[in-house]
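Encoded as structure tokens, the structure appears first; notes follow it.
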Amino acid sequence: MTILESLKNRASLILSGAISFLFVIRGMRPAGGEPIIQPRADVGIVLGLALAALILVLNDLRAGRAQ
């Protein structure tokens with residue numbers, strides 16, 4: 001399995017996680033009196049999503065080698 005195949009297979013999982021996280025952020029930040037968009041914090045969110053995708057891809061690549 002290649003990296004692109006892994007990302008295609010896991011795209012729905014990654015996208016649904018990102019969308020649900022955005023809904024939580026959109027509800028929590030205004031409730032706390034904070035602006036919805038916070039560039040420094042939002043960079044961390046993007047990095048977290050990228051790391052989650054990387055972990056999923058690495059697990060798929062390891063599973064592909066084990067077969």
Legend entry - Scan of the range 13-34 for residues that are part of a loop (DSSP other than H, G, I, E, B) and either surrounded by fewer than 11 Cβ atoms within 10 Å (Cβ to Cβ) or among the basic types (K, R) (or both), ordered by number: G32, G33
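Look through the range 24-67, keep the residues that are touching a residue at least 24 places away in the same chain (Cβ under 8 Å) and touching a helix residue (DSSP H, G or I) at 6+ places or on another chain (Cβ under 6 Å), and return whichever of them is farthest from I3 (Cα to Cα).
Here the residue is L49.
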Legend entry - Filter pass, M1 being surrounded by 13 or more Cβ atoms within 10 Å (Cβ to Cβ) and either without any contact (Cβ under 8 Å) to a residue 60 or more places away in the chain or touching a Leu at 6+ places or on another chain (Cβ under 8 Å) (or both): yes
Legend entry - Flag if R10 is assigned to a helix (DSSP H, G or I), of a type in the set (K, R) and more than 14 Å from the chain's Cα centre (by Cα): no
Legend entry - Meets criteria (loosely packed, with under 12 Cβ neighbours inside 10 Å and part of a loop (DSSP other than H, G, I, E, B)) for I37: yes
Legend entry - Tally, over the range 31-47, of residues that are within 25 Å of I14 (Cα to Cα) and among the acidic types (D, E): 1
Inset, instruction - Can you work out which of the residues in the range 43-67 that are of a type outside the set (A, V, I, L, M, F, W, C) and loosely packed, with under 13 Cβ neighbours inside 10 Å is nearest to the chain's Cα centre (by Cα)? - result: G44
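Rule-based calculations on the coordinates, nothing more; no lab input. Everything numeric here is computed off the predicted structure, so don't read it as measured data. In this analysis, Cβ positions are derived from the backbone assuming ideal geometry, glycine residues included, and neighbour counts consider all displayed protein chains.
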